[in-house]
Amino acid sequence: MRTLLETRLLPAIVVAVIVVILPYFFPSAYYFRVGALVFIFALAVVGLNLLMGFAGQVSLGHAGFLGIGAYSVVIGPVYFGLPSWLCVFVGATVSGAVAFLVGRPILRLKGHYLAVATLGFGLLVAIVLTNEAGWTGGPDGMSVPRLALFNWQVRGSDSWYWIAGATLVGGFVLALNLMESPTGRALQAIHDSEIAALVLGIDVARKKLTIFVISAMYASVAGSYLALFNGHVTPDIAGFLRSIELVAMVVLGGMGSIVGSLVGAAVLVVLPQALTIFHEYEQALLGFILMVFMIFLRRGIVPSVAATFAGRRK
Amino acid sequence: MIILQTDQLSIAFGGVRAIDGVNLAIESGQVYSIIGPNGSGKTTLFNLVSGIYTPDDGSIRLAGEAVTGLAPDQLARRGLSRTFQNLQIFSRMSVLENVMVGRHRHERTGIFADLFHWPSVARQNQATVEAARAALARVDLADSASRPAGSLAYGALKRLEIARALASEPTLLLLDEPAAGCNPVETEEIDGVIRSIVKDGITVVLVEHDMRLVMNISSRIHVLASGRTLTEGTPEQVRSNVAVVQAYLGIHGSQESNRAFH
Ligand SMILES: Nc1ncnc2c1ncn2[C@@H]1O[C@H](COP(=O)(O)OP(=O)(O)OP(=O)(O)O)[C@@H](O)[C@H]1O
Ligand SMILES: [Mg+2]
């Protein structure tokens, strides 16, 4: 039992250690910025991975929940005078509620049909954020009031590095707990055979809805952080490209691999920054590298590498 | 007690009347077999009884309770479990985890308990593992517990599905061709497993083409042909029924049907 507990949380412990150790190798403060971005995206990707890699339900509109989270920390403080930290929770609650309402009808769909329906949801959020200019500032977006915790004004990249890192570790712990629980087993079962899951007494529709809501809340918190960290937000945060980016991070890191979520986010955040030296070829090169990754590590980075090591050991 | 009863149960797909006015009355505590040529509606009958299909007509009672139209998960919580002719394995999970899913209806945790790994979840996991191991031992798969389910051979997968269904502690268990594709030794094992299940007081409804197994193990046999009941009775009565032999003659040829029935 003790060992079970330890192995369950091992990835979270590893990430905690990485978060703490990494800054010792940072040559400049700029790296805190990159690190914070990686952790924030990884948080959203962990949530999406629970839905996609774990329960087998695709979402091409998850950036919609990033958007809800992001605009919550603008609208709440600016129009209602709420503290930003509270709005992170309010945003997560709103995202969860929206996911519940949207998920009920669309999670009945499967495969490509679900993909298109979630895509539609993402577009809807982006359009509402663009058109409701009175609340959202329209296409130009709005500047985001700084996060204040008690008397501490959070501004530096290093502060955000620690906040995002700590939240990510928390997100890992919850995800890992879930994976080794009755709900987690039910979700994995749904991925492989809905009919067998049903016959064993699993309320498939409800379980799908539960994980959709949870993954929406992960994305929402990430969206709030992203907005607070950048200090400015535009409807692009909820855009189709962002949704695709999240999906790419899940698949690249490894479907169903919680550690893979961090790896996928890290590669897709760091690589574009590293490739800027190639100027106009940056995007093309990024695309090429992604293709090569998927051809040679077809199950995603973490599961493929793990399988190679397991094979060697034999 | 009659554990499963159907009254004029019917369903059609397009023009095909896959099940057409079938009445079942299955006493608890026995092996009740359903046989019939390919395409005669056996699997469809299971799909109706387990709530996967909703009947066009007729009704179903489970232990006296009207359950027509209930969803499969609701029926599972009332003690019905089944296996599948075309396997439905959770192939990404380990053998043990497959059977652990079978414990689902006995697990009492909420989503918050699961997310925060409350002590109740740890306790539950432990109890689930133990029950799942016991179920695996019953079908002689204890040694494969930690293997990926996808790596098992066909015969073992058939037994894995039985273990998974058993883990849910059903009162009524539907087995759809558990011995299909099994060699004689494996079939003998299945025979033993079914007998031990019945000894535990679980009623087994068996769909099976292996006539030796069916004749040996069943208390009663129900013969379907083209979705209709051909006859019903004890193995002796069914064996001596000319119509049954003829139903098989058209499909299997006389030699095979002779081997099957004598
Ligand atoms: N979902 C479905 N849609 C259309 N037709 C179906 C469906 N399910 C079953 N049928 C048809 O119903 C009839 C009975 O099929 P069923 O699978 O129940 O036969 P079976 O007795 O189990 O046969 P076998 O011994 O080959 O397993 C067949 O004609 C089949 O094509
Ligand atoms: Mg069949």
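Descriptive notes on the structure:
- Here the Karplus curve 6.51 cos²θ - 1.76 cosθ + 1.60, taken at θ = phi - 60°, turns the phi angles of segment A:290-300 into couplings of 4, 4, 4, 3, 6, 5, 8, 10, 6, 8, x Hz, with x standing for Gly and Pro.
- Residues whose placed amide H lies under 5 Å from that of B:Leu4, excluding near-sequence neighbours: B:Ile26, B:Ala63
- Theoretical FRET efficiency, 1/(1+(r/R0)^6), r = Cβ-Cβ of A:Phe240 and A:Phe288, R0 22 Å, to 0.05: 0.50
- Short to long, the 5 Å bins of the Cα pair-distance histogram for segment B:25-181 hold 2, 9, 16, 19, 19, 15, 11, 6, 2, 1, 0 percent of all pairs.
- Those aspartates and glutamates that a straight Cα-Cα span of less than 18 Å connects to A:Lys207, excepting residues fewer than 8 apart in one chain: A:Glu180, A:Asp192, A:Glu194, B:Asp73, B:Glu97, B:Glu107, B:Asp114
- Principal axis extents of the C-alpha atoms in segment B:190-243 (largest first, rounded to whole Å): 34, 20, 17.
- Close amide H pairs (under 5 Å, H built 1.01 Å from N) link A:Leu82 with no residue at least 5 positions away or on another chain.
- Karplus-derived 3J(HN,Hα), 6.51/-1.76/1.60, for each residue of segment B:119-131, Hz, glycine and proline x: x, 4, 5, 4, 4, 4, 4, 4, 4, 5, 4, 5, 5
- Stretchable slack from A:Val270 to A:Ala133, in nm (0.36 nm times residue separation minus alpha-carbon distance): 46.1 nm
- When only alpha carbons are used to place a centre, segment B:137-172 and segment A:1-71 end up 36 Å from one another.
- The charge dipole of chain A, taken about the Cα centre with unit charges on the Cβ atoms of Lys, Arg (+1) and Asp, Glu (-1), comes to about 880 debye, rounded to the nearest 20.
- Farthest towards the positive end of the charge dipole of chain A, among the residues A:Ile40, A:Tyr218, A:Leu10, is the Cα of A:Leu10, using unit charges on the Cβ of Lys, Arg, Asp and Glu.
- Simple point charges give the picture: +1 on the Cβ of Lys and Arg, -1 on the Cβ of Asp and Glu, and for segment A:226-314 a dipole about the Cα centre of about 700 debye.
- Each Lys or Arg adds one and each Asp or Glu takes one away; over the other residues whose Cβ falls under 13 Å from the Cβ of A:Met179, this sums to 0.
- Alpha-carbon centroid distance for the pair segment A:151-201 / segment B:195-230, whole angstrom: 46 Å
- Dipole of chain A, positive direction: furthest Cα of A:Leu66, A:Ala126, A:Gly141, with charges on the beta-carbon: A:Leu66
- Two-site FRET efficiency, A:Lys110 against A:Leu22, from Cβ-Cβ distance with R₀ of 45 Å, rounded to 0.05: 0.65
- Computed from the C-beta positions of A:His232 and B:Glu130 and an R0 of 41 Å, the FRET efficiency is 0.15 to the nearest 0.05.
- Across the options B:Leu157, B:Ser168, B:Pro184, the greatest Cα extent toward the positive end of the charge dipole of segment B:92-241 (unit charges at beta carbon of Lys, Arg, Asp, Glu) belongs to B:Ser168.
- Per residue, the protein assembly as shown exposes an accessible area of 44 Å² to a 1.4 Å probe, with every protein chain left in place.
- Per-residue Karplus couplings for segment A:115-127, computed as 6.51 cos²θ - 1.76 cosθ + 1.60 with θ equal to phi - 60°, are listed in order as 4, 5, 5, 5, 4, x, 4, x, 4, 4, 4, 4, 6 Hz, Gly and Pro entered as x.
- Using a cutoff of 8 angstrom between alpha carbon atoms and counting only pairs six or more residues apart, the relative contact order for segment B:14-160 works out to 20 percent.
- The B and A chains share an interface that buries close to 2800 Å² of accessible area, total over both sides, probe 1.4 Å.
- Note on segment B:134-192: with charges restricted to the Cβ of Lys and Arg (+1) and Asp and Glu (-1), its dipole about the Cα centre is near 260 debye.
- The convex hull defined by the C-alpha atoms of segment A:2-239 has an orientation-averaged projected area of 14.3 nm².
- Extending 7 Å from the Cα toward the beta-carbon at both B:Thr231 and A:Phe89 defines two label points whose distance is 7.3 nm.
- Checking every one of the GluC sites (Glu not before Pro) in segment A:100-207 against DSSP loop status and a limit of 14 other Cβ atoms within 10 Å picks out A:Glu132.
- Evaluated on chain B, the Kirkwood hydrodynamic radius is 19.2 Å, with distances taken between all distinct Cα atoms.
- Computed on the protein assembly as shown, the Cα convex hull volume stands at 189 Å³ per residue.
- Sum of -39500 (n - 2.57) over DSSP H runs of 4+, divided by residues of the protein assembly as shown (222 nm, nearest 500): -19000 deg cm²/dmol
- A:Leu124 paired with A:Phe150, simple spin-label distance in nm, labels 7 Å along Cα-to-beta-carbon: 4.2 nm
- Split the accessible area of the protein assembly as shown by element, probe 1.4 Å, and carbon with sulfur accounts for 60%.
- Principal-axis analysis of the Cα atoms of chain B puts helix B:242-252 at an angle of about 70° to the longest axis.
- Distance cut-off 20 Å, percentage of C-alpha pairs in segment B:91-169 lying past it: 31 percent
The values are calculated or read from the model by the stated rules, or taken from the named source; none is laboratory data. None of the values given here were measured: they were computed from a predicted structure. No Cβ is skipped: glycine too gets one built from the backbone with ideal geometry, and neighbour counts run over all protein chains shown. Ligands, DNA and RNA are stripped out before the accessible areas are found, and what is left, the full protein with its side chains, is counted by its heavy atoms. Shrake-Rupley method; radii C 1.70, N 1.55, O 1.52, S 1.80 Å.
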